[in-house]
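**Q** This is the structure I have questions about; it appears just below.
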Amino acid sequence: MKRKHEMPFGAEVRCDGSIRFRFWAPKASSVDVVLEGQEKQLSMSPLADGWFELVTKEASVRDGYLLQIDGSTTVPDLISRFQPADVHGASQIVDPFSFEWQDENWRGRPWHTAVIYELHVGTFTPEGNFSGIQQKLDYLVGLGVTAVELMPIADFPGKRGWGYDGVLPYAPDNSYGTPEDLKRLVQAVHAKGMMIFLDVVYNHFGPDGNYIRAYAPDFFTDRHCTPWGDGINYDGPGSRTVREFVIHNALYWLEEYHFDGLRLDAVHAIADDSRPDILIELAERVRNELGGDRYIHLVLENDNNAARYLKREGDRVVWYNAQWNDDIHHALHVIATGESDGYYADYSNAPLRTLARCLSEGFAYQGEPSSLRNGRKRGEPSSDLPPLAFVSFLQNHDQVGNRAFGERIHELADPAALKAALGILLLAPSPPLLFMGEEFGADSPFLYFCDFEHGLAEAVREGRRNEFARFAQFSSPETRATIPDPNDPKTFARSKLDWSSLHEAGHEHWMTLYLELLRTRHLMIVPRLEHMTGNNALATVTEKTLLVDWELGENEVLRLMANLSSETSPFPERIFTKVIYRNDAGSDCEMAPWSVIWSLEA
């Protein structure tokens, strides 16, 4: 089986063997195709609205090419499918039909079955590439994972990076492998019965290798400001082309690479005053064009807690399946560690009540003022949404990597508190997300790393260290100087998982806990989740204990009781007839510290 997403731009291989180049450069007077290793330049014909086009048989599949703007500046193709020599080098002509897919019967998995495992391609395995991940798929299946989520792979500068500074969004980063290597990984994941998701970045471009302003300055707008500078132009003159660029990118990964879903990074940083906005238009195009005979899942990261994007009509997802729920992470983190710096301050006053609201209603902030945001109201009502609309986690790349030293939560929390938090997270109805290595208590940190040229590298290093100046422990320049240099190759090397520690005594007990909890989830929880609705949970909080009931249908209730303190607590007056998990022997009259009990009740 062969797959290809038809695109209105880029280098496309045609049926007769010719290559069609199509490029948007409204600032340019002329554009030429410069074939790598050849002296000749092939002129593109100007079309309306800033487009240039060339159809030729003088170029072939796997040829490298650059685009020359006005006879001087040469740039890679923004729609490049592959960059063998990184972001400043030539783009390569790729024929998607050269790959023969073997997963034609794969239709995906329902969303309610999702147990997501987020990983960074470069640090997940010693090989640090797509092929290396394939060697760990049996391990992930055995753990209970049903969906692998890759951090961004769009081509970024250098050999090391988180991926959020990508500049060529259609090209898998060459340090991870070729397009064919990525396709082999996708179909290998499907062969194991798992889904595979991709993290995509539509809120900004990285600073190194971003040539867009040289030929299409209207791609950006100063009417909107983001943490990275001018916003992407989704709603001004010329924005139709920009919107198509992003929408086709989503369709491309889902169709040509057969990904099962996308996670859209930090969409709160996307400014768009048009109607429908880019998030809704993108979701509608994906649902209308690809959603007929397969499961496709779209997930947001959105600090605004904009519940409207998670709308349901009955059991049908209208736009987005779910949002990463930072609220539940922050509440659990405060409970388990006692930390209250930074964004944890908004959760430190009543973390147990905040957790109860997350479990029973989705978001903790549904329009309440946030002290972290100078009193600005945050969020929208979410209690009418099902638990499936919220992805829960105790760790992810941000919550680990945004710490100065990349510590994982098992280094910060009391083990009993952490085990209680996991007992809640992995059995609650919302889909859980694990961050690579957490299941065996990995000792390797996950640090911020990059591979920028000298001047930018120095700015990033100092900027990174200055970010922590507001924290008391980093108030002195000497202390800040101990924060690892993101551009140092050793910082990247330290972030690689140490698989040799997997079966050591200090790590094996964590693996045993995850295996038990995920086995219980798949046997007792997942079969009951598919038709859960919103407004179906009731939460009760005392000084130390938490009680939540979820109506499951079929006259059944899923019940959680937890004592999230270091002291014993009397049992609330509730019946427990069919206990499916408990983490302590307990007694008939009181709950032990950090104890968690789950049951199914009539």
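Just so it is clear, none of the values below were taken in a lab; they were calculated from the coordinates. Computed from a predicted structure; not experimentally measured. Cβ placement follows ideal geometry from the backbone for every residue including glycine, while neighbour counts extend to all protein chains displayed.
**Q** Provide the packing ranking of 255-264, 413-422, 526-535, i.e. peptides ordered by the mean count of other C-beta atoms within 10 Å per residue, highest first.
**A** By packing density, highest mean first, the sequence is 255-264, 413-422, 526-535.
**Q** Between the alpha-carbon centers of region 393-435 and region 128-201, tell me the distance in whole angstrom.
**A** So the two Cα centres are separated by 22 Å.
**Q** Within a Cβ distance under 13 Å of I69, other residues only, what is the Lys/Arg minus Asp/Glu net charge? Display every interim value, and only then the final one.
**A** On the way: positive: K27, R213; negative: D32, D70, D77.
Local net charge: -1.
**Q** OK, next. To the nearest µm²/s, what D does Stokes-Einstein give for region 10-98 at 20 °C and 1.002 mPa s, using the Kirkwood radius over alpha carbon pairs as Rh?
**A** 165 µm²/s
**Q** Which links in K159/K496; K27/K159; K2/K159 stretch past 22 Å when you go from one Cα to the other?
**A** Exceeds cut-off: K27/K159; K2/K159.
**Q** Could you list, bin by bin from short to long, the percent of Cα-Cα pairs of region 535-601 in 5 Å steps?
**A** Percent of Cα pairs in each bin: 4, 18, 29, 26, 14, 7, 2, 0.
**Q** Straight-line reach only, C-alpha to C-alpha below 20 angstrom: list the lysines that K192 could link to, leaving out same-chain residues fewer than 8 apart.
**A** K136, K183
**Q** Run the simple label-point estimate for A602 and A469 please: 7 Å along Cα→C-beta, distance reported in nm.
**A** My value for the distance between the label points is 6.6 nm.
**Q** Moving on to the next point. How far is it, in nm, from the label point at L47 to the one at S29 when both lie 7 Å from their Cα along the line to the Cβ?
**A** The answer from the label model is 2.3 nm.
**Q** May I pose another question? Would you mind ranking S599, S80 so that the residue whose beta carbon has the fewest other beta carbons within 10 Å leads the list?
**A** S599, S80
**Q** If packing is taken as the mean number of other Cβ atoms within 10 Å per residue, what is the order of 445-452, 121-128, highest first?
**A** Order by mean packing, descending: 445-452, 121-128.
**Q** Between R213 and N535, take the C-beta separation as r, use R0 = 51 Å, and let me know the FRET efficiency to the nearest 0.05.
**A** On the way: r = 48 Å, r/R0 = 0.95.
Efficiency, rounded to the nearest 0.05: 0.60.
**Q** With contacts defined as alpha carbon pairs under 8 Å and 6 or more residues apart, what's the relative contact order of the chain in percent?
**A** Relative contact order comes out at 11 percent.
**Q** Could you list F220, F468, F405 so that the one with the fewest beta carbons within 10 Å of its beta carbon is first and the one with the most is last? Walk me through the intermediate numbers first.
**A** Details: F220 21, F468 17, F405 12.
The most exposed by this proxy come first: F405, F468, F220.
**Q** While we're looking at this one, here's another question. With everything on Cα atoms, drop me the angle between helix 326-337 and the longest principal axis of the chain, reported from 0 to 90° to the nearest 10.
**A** In the chain, helix 326-337 runs at an angle near 50 degrees to the longest axis.
**Q** Something else about it: What are the extents of the Cα atoms of region 399-466 along their three principal axes, in Å, largest first?
**A** Between the extreme Cα coordinates on each principal axis of region 399-466 lie 48, 25, 20 Å.
**Q** Rank the residues T221, T354, T512 as a footprinting-exposure proxy: fewest other Cβ atoms within 10 Å of their Cβ go first.
**A** Ordered by Cβ neighbours within 10 Å, fewest first: T512, T221, T354.
**Q** Please state, rounded to one decimal and in Å, the Kirkwood hydrodynamic radius that region 270-418 gives when every pair of distinct Cα atoms enters the mean of 1/r.
**A** It works out to 16.7 Å.
**Q** Straight-line reach from K578: which lysines fall under 23 Å, measuring Cα to Cα and dropping same-chain residues less than 8 apart?
**A** Candidates past the 8-residue exclusion: K419.
**Q** Which whole-angstrom value gives the distance between the alpha carbon centres of region 256-286 and region 40-77?
**A** Computed from Cα coordinates, the inter-centre distance equals 29 Å.
**Q** Taking 51 Å as R0, compute the FRET efficiency from the Cβ-Cβ separation of M1 and S383 and round it to 0.05.
**A** Efficiency, rounded to the nearest 0.05: 0.70.
**Q** Taking R0 as 51 Å, what's the FRET efficiency between E567 and T482 from their Cβ-Cβ distance, rounded to 0.05?
**A** Numbers: r = 37 Å, r/R0 = 0.72.
Given R0 = 51 Å and the Cβ-Cβ separation, E is 0.90.
**Q** Of all alpha-carbon pairs in the chain, indicate the percentage at a distance above 38 angstrom.
**A** So the pairs more than 38 Å apart make up 33 percent of the total in the chain.
**Q** Here's a follow-up. Taking only the alpha carbons of region 175-223, what extent do you get along each of the three principal axes, in Å, biggest first?
**A** The principal-axis extents, from largest down, are 47, 22, 15 Å.
**Q** Right, another one. Per 0.36 nm of contour for each residue apart, how much would the distance between T226 and R519 grow if the chain were fully extended, relative to their Cα-Cα spacing? Walk me through the numbers before you get to the answer.
**A** Values: separation 293, 0.36 × 293 = 105.48 nm, distance 4.26 nm.
Stretched out fully, the T226 to R519 stretch lengthens by 101.2 nm.
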